[in-house]
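Single-structure report; data block below.
The values are calculated or read from the model by the stated rules, or taken from the named source; none is laboratory data. Here the structure is a predicted model, which means the values were calculated and not measured. When we count neighbours, we look across all protein chains shown, and the Cβ atoms used for this are built from the backbone with ideal geometry, even at glycine. The accessibility values were calculated without ligands, DNA or RNA, using every heavy atom of the protein model including side chains. Shrake-Rupley method; radii C 1.70, N 1.55, O 1.52, S 1.80 Å.
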Amino acid sequence: MRFTSFLIVCFFIVVTQVWGQTSAEKPVTLRVVVDTLGIEKVNVLNIRNNQNTITNQKGVCVVRVKTGDVLVITAVNLETRRHEITADEFESESAIQKMSYRITPLEEVNVNENANINETSLGIVSSNQKKYTPATRKLRTAQTGLLDPLLNKMSGRTRDLKKQVKVEEKEKLLLKLDGLYEEKYYTNVLKIAPEAIPGFQYYLIDDPEFAAALKAKNKTLTMFYVKRLALQYNEILLRESHEQETQPQ
């Protein structure tokens, strides 16, 4: 009995130490490159704390992160990338992310005669059966059973899995948003600078009302919210620009 109590105490000490290490946050220098060239005006978003920054002329920016944080790196002409901060990167306070230019495919028409054939139409899966994404499936597994839910919660695994589910949800919304508006609509109508478009898109999907309208495919509501949020976003950028100009050198 005493030995069991000793093991429990040791377990709590280890979990506390791990929690203390992973909860630390500090600035890490990130360099974004295509081949070996640094790329400027690339948007870098830390999904956990929703902090956003843009790379300079050398493709470098500084982000405040924890180990395991996921950075979403986007630009108008680049393929979107996700970068998870490793323990080594956190320790060295430096990281690098290789990017590739976005290729616009030629328009083509694909005729798929078997488009309606799937696991549901074949009777393999019931039409009313709930479908889980990879992240939600892992979270559900971690929260079921007798001891697993408690151990996963204490070790922080459940928290990390919930964060992955949120990341997955945001990626789905970004896919829905991608291509919904042309770049000239952002720049000419909403008055969003080209380099600020990726950041504005994340600002959009973070708004619960816009996200709900986007999920519901309600074009009227999404148009209403996008115009309102564009005004707010431009005010934020203007205020941040003014604060930077007024800061002592």
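Results, tabulated for the structure shown:
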quantity: Residue count, region 189-226 (criterion: exposed (fewer than 13 other Cβ atoms within 10 Å of the Cβ) and hydroxyl-bearing (Ser, Thr, Tyr)); calculated: 1
quantity: Boolean, Lys170 is modelled with pLDDT under 90, in a helix (DSSP H, G or I), within 30 Å of Gly68 (Cβ to Cβ) and open to solvent by 90 Å² or more (accessible area, probe 1.4 Å); calculated: no
quantity: Filtered residues of region 191-216 (kept if in contact (Cβ under 8 Å) with a residue 40 or more places away in the chain, part of a loop (DSSP other than H, G, I, E, B) and under 17 Å from Leu174 (Cβ atoms)); calculated: Ile192, Asp206
quantity: Subset of region 177-188 (residues that are open to solvent by 70 Å² or more (accessible area, probe 1.4 Å), farther than 17 Å from Arg81 by Cα and in contact with a helix residue (DSSP H, G or I) (Cβ under 9 Å, 6 or more places away or on another chain)); calculated: Leu180, Glu183
quantity: Hits in region 173-190 - residues which are assigned to a loop (DSSP other than H, G, I, E, B) and either within 18 Å of Leu78 (Cβ to Cβ) or not hydrophobic (A, V, I, L, M, F, W, C) (or both); calculated: Asp178, Gly179, Tyr181, Glu182
quantity: Flag if Glu183 is at pLDDT below 85 and among the charged types (D, E, K, R); calculated: no
